[in-house]
Every structure is written in structure tokens, then in C-alpha cells.
Amino acid sequence: MAAVRSCVSVKSAASPARYRSARLGAASFEPTSLRVSAPPSPFGSAADGCSSRGVGCAASSSGRGLVGDGVWSRRRGGREVLAMCSASLEGVRHGAVASVPTTPALPERVKVVALMAAVMLLCNADRVVMSVAVVPLAAQHGWSSSFVGIVQSSFLWGYVFSSMVGGALADKYGGKKVMAGAAAIWSLATFLTPWAASQSAAMLLAVRVLFGIAEGVAFPTMSTFLPKWFPTHERATAVGISMGGFHLGNVVSFLATPIIMSHIGLAGTFALFASLGYLWLSVWLLNVESDPIDSRTISKSELQLILAGRSKSRVKGDKFPSLKEVFSKMGMWAIIVANVINNWGYFVLLSWMPVYFKTVYNVNLKQAAWFSAVPWAVMALSGYVAGASADYLIKTGYPTVRVRKIMQSIGFIGPGVSLLCLRFAQTPSIAAVIMTAALGLSSCSQAGYFCNVQDIAPQYAGSLHGMTNGIGVVAAIVSTVGAGYFVQWLGSFQAFLTLTAVLYFSATVFYNTYATGDLIFD
């Protein structure tokens, strides 16, 4: 094949969202077709029918890409270079396919969600380190059982108050900076925990409160960050992958912490997990932007795909609505109620199931290997499946609100039925399977109310998620403490589990009645 070309390059502004075309002459090509294979990703092709920057014109060299209408592009030092090409091709006839060697690259949003899943894994793993290490710490410093409870709960003192603030900061300054700051602080608090324990009780509690404040920022920041990087029909999958990392943090930390502690000691274990946080931080700061518009490495086609998926709403709001306006919307109340009941049920299962199994079946569930890994692995998998299924339904034409209601119904009815079935379990193995099913089905809520905030108010997603999550954490504290008094009053675990099942069913009806997928804040 012989080819002749003449090109004049034009440098555009540094922002990848702005392009200038150089119309210096019409490009002349013989009839041909270019076929480029892109690697599969959880979110489909970045191109979706658009020209990709990785595709070169037949006369261009490696690294240049055909943008369209004879315009090719190449990046130089973060700047986009566009040029008009005039080329004649010989030897291409009768629709022959010209193969163009390219270097396939993952879509940027795949890298983004992988890093988000990694930080959520570290977020939960750092929590669990303390849950495992509190036993040797208590023995080392002579803590009483009551003080151990205070230490464990001190995390929530900071957590419950930081969600709203963190969400507002993420909405204003961007998810990249806020998540980076949060990870840096909670990693520092993780590192300081053994030292603080050796100093004084007050110092230890202060460090644990700081840890909770930093981690309380993670979920609302994720709610601000993901809608900017993912179109509507991919958000549930992105949330499922990110939350999958969070649940796997339980698995990793529960299984790895005792082993690591036996090799490098208590302080070394906390230092190792803290160093992983700073390793993640270095990758995050160098490779991610808060908004794909600001990314220097995203392709034009992928940027178009993302922007088209969020074109119906503003990305950043001018002014956060008043609390009166927020609480006047029944669509918001549907999310608040769902968050409250989801946290209520989750923390009942997390906190009281070990006691339940010990009391009813005389089985120490915390020493069972499956309890340290299997339920959380199931939650990670089922959350991803729920997210992918929700996005598939939306892409095939189902209304967004209907999909959210379907997923939320599964996320509540499933655990409710499971809790009622526990009374019929004859062996601890069957009861363990039922409890794992309850946790797994509850993760469908991630594709329900969790994503619904992004549907109704993407410009305020961080603030609103932080507010609803803060209310939900209060409900978690009430359910965790209240369960003990309730069981002591009635002398029955099953009665409290039945109450929780009734709350699940009632919340399902409320959510299906009032949830909406429309924008409710302009």
C-alpha cells in the first residue's frame, strides 16, 4: 500500500473538553473501513460508536488518532494536537478491511472504579484491624470489658458527625481532594493507635474519634464522585464494585490481621495497613481527577459517553437546598427511611448474630472461619450482581425508578424473610446459611436507595447522602443498644428479629410508594 499525506497541526487549549478543528482542506480517502477491537470492560466499550483517539488514519504514525472528518489527534505533554490530513490510498478495494495496529487501553472509568474499590477496601479493613487487635491491646493495658466497649464505639462518635460535612466538602471541592484527605487522616490515625493506647485512655479515644471522622467522609464522597464519572446506566455497577471492595475489606482484614500480627507484632500490623493507605494515596493523586472533564488521559469518545449520560442534570449545584425543602420531598423521605432500616438491620446482623449463635446453638461464631470471610464475600459478589443487573435493566429501557424499587424490594424482603426463617433452623449450619443469605440479599440495596440519591439530586449527592447516612448511623446505634435491652426484657432473640423483619417489610412498602427517579432539586 502506498500512501501520501500532507498535514498541518494545530494546538488546542490544554483542556481536553475544548477542541478546535482546522479546516485547511477536505481529506480524500478511497472507500475503506477501519475495524478496531477494544478490550472488554465491566462498563462496555468506551467508544460506543464514536471515533476513538487510539485509531490512527492510514497515513499516520503510531500515537495519532483519527478524530473524525479527516482530523487526527495526538497528545503532547498533556495538550491535544489536531491536524487535517489529505491522503490517497492505493491497493484498498472492494471494501477490504485495513488493519491498524493499536495499543488497547482500559477506559479511564475502569481505572477510577478500581481505585475507588481499593480505598473502600482499606477503609473497612482498617476498621477491622482494631476489632481483631482490641483483645491483645486489652490484655496488654489491663482494660475492663466496659472500657473495651467504649473504645469500640468511639469510632462511631466521630463517624456520625462527619458524613454531612464530608459530603458538603466533596460537593464543593471535588471527590479527589476530599477522599485523599480522608484516607491520609484515617491512615495516620491507624498508625497512631498503638502509640495512643500506650499514652493514655484519653489519647486513645481522641485518635479513634479522629479515625471515625475521617472514615465518615468516605461514603458521601463516593456518592459525589461516581455520578461524575459514570453515566446513569453504569452507576449501579460502579457502586457495586466499589462496595464490593468495602465488603472484601472484612475478608482481608479478618483473615490477614492475626497472621500479620504473629509475624511483625501489634504496632507493625497497624503500621502496615497505614502504609497501604499512603501507597493508594500516591496512585490516586497522580491518576485521578474529580471530574472527567479535567482528565488529561481520557479519550474524547469516553468523555462524550460520560457527559451524554449526565446531560440532563447539573453536576454542581449553586446552593444547597434548605432543610425545610429537603424534608418536604417525599422522594427524600423514601431514601431516608430506606437508609435507616438498612443500617438498623445490617448492624443487628453484624453485632448480635455472634451472640445469637452462642446463646441459641452454643457456637462461638467469631472463631468460625466462614464467619470471618464467607458472608462478606457473598455480599461483595451479590452487590456487584445487583448493580450489573440494575444497569442492564436500565439500558434495556426499564424506567430508572422502577429498577431502584425492584432492587430495594429484594434488599429488604430478602433479609426480612431470612430472619423469620431462622426460627425454623434446626442446626447452626442451616442458621449460618440463612444469615449469610440475609446479608447477601441486603446488598441489593446498593442498587436501590444508595444509587437513588444520585438519580434525584446528582449535584448535591454527597451532602444528601451524608445527611441520610448520618441519620442511618444513629439508627444503627439505637438498634445495636436497643437489641440488648429488648432481649433482656423479653428473654428472646427471635422476638427482636421478628421486629426487624416487620421493619424491613414496612420500609419496602414506604419506599415503593414514595421513591422517585426524577430530579427533585433544581
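The values are calculated or read from the model by the stated rules, or taken from the named source; none is laboratory data. In this text the structure is predicted, and so the values were computed from the model without any measurement. Note: ideal-geometry Cβ built from the backbone for every residue, glycine included; neighbour counts use all protein chains shown. Side chains included, ligands, DNA and RNA excluded: accessible areas come from the protein's heavy atoms. Shrake-Rupley method; radii C 1.70, N 1.55, O 1.52, S 1.80 Å.
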Kindly indicate whether any position in the stretch 463-481 is open to solvent by 10 Å² or more (accessible area, probe 1.4 Å) and free of Cβ contacts under 8 Å to residues at least 24 places away in the same chain.
yes
How many residues, within the stretch 171-214, are farther than 28 Å from Val453 by Cα and assigned to a helix (DSSP H, G or I)?
21
Do we have any residue at all in the stretch 362-373 that's within 23 Å of the chain's Cα centre (by Cα) and open to solvent by less than 50 Å² (accessible area, probe 1.4 Å)?
yes
Taking Ser223, is it under 23 Å from Ser144 (Cα atoms) and in contact with a His (Cβ under 9 Å, 6 or more places away or on another chain)?
no
For the stretch 216-236, give me the residue count where each residue is surrounded by 24 or more Cβ atoms within 10 Å (Cβ to Cβ), in contact with a Ser or Thr (Cβ under 9 Å, 6 or more places away or on another chain) and either β-branched (Val, Ile, Thr) or not in a helix (DSSP H, G or I) (or both).
4
Quick one: which helices (runs of 4 or more DSSP H) lie wholly within the stretch 366-483 and hold at least 3 residues that are in contact with a His (Cβ under 8 Å, 6 or more places away or on another chain)?
369-395
Is it true that Ala507 is open to solvent by 10 Å² or more (accessible area, probe 1.4 Å) and closer than 18 Å to Gly416 by Cα?
no
Within the stretch 443-455, which residues are farther than 16 Å from Trp229 by Cα and open to solvent by 10 Å² or more (accessible area, probe 1.4 Å)?
Cys444, Gln446, Tyr449, Phe450
Determine which member of the set Gly149, Gly142 is surrounded by fewer than 13 Cβ atoms within 10 Å (Cβ to Cβ), under 24 Å from Thr190 (Cβ atoms) and at pLDDT 85 or above.
Gly142
Test of understanding: among Val403, Val473, Val453, which residue is modelled with pLDDT under 85, within 20 Å of the chain's Cα centre (by Cα) and under 30 Å from Glu325 (Cα atoms)?
Val473
Suppose we keep only residues that are within 19 Å of Ser162 (Cβ to Cβ) and surrounded by fewer than 19 Cβ atoms within 10 Å (Cβ to Cβ) within the stretch 185-195. Which one would you say is nearest to the chain's Cα centre (by Cα)?
Ile185
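Here's the yes/no breakdown for (1) open to solvent by 10 Å² or more (accessible area, probe 1.4 Å); (2) assigned to a loop (DSSP other than H, G, I, E, B); (3) in contact (Cβ under 8 Å) with a residue 12 or more places away in the chain:
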residue: Val239; (1), (2), (3): no, no, yes
residue: Leu255; (1), (2), (3): yes, no, yes
residue: Pro258; (1), (2), (3): yes, no, yes
residue: Thr269; (1), (2), (3): no, no, yes
residue: Leu279; (1), (2), (3): yes, no, no
residue: Ser282; (1), (2), (3): yes, no, no
residue: Thr297; (1), (2), (3): yes, yes, yes
What is the residue count in the stretch 360-387 for residues that are modelled with pLDDT of 75 or more and not aliphatic (A, V, I, L, M)?
8
Pairing a residue in the stretch 118-143 that is within 18 Å of Leu210 (Cβ to Cβ) with any residue that is in a helix (DSSP H, G or I) and of a type in the set (D, E, K, R), where Cβ atoms lie under 9 Å and the two sit 6 or more apart in sequence or on different chains, gives Cys123/Glu215; Asn124/Glu215; Asp126/Glu215; Arg127/Glu215; Met130/Arg208
Kindly indicate which of Ser154, Ser223 is in contact with a Lys or Arg (Cβ under 9 Å, 6 or more places away or on another chain) and among the hydroxyl-bearing types (Ser, Thr, Tyr).
Ser154
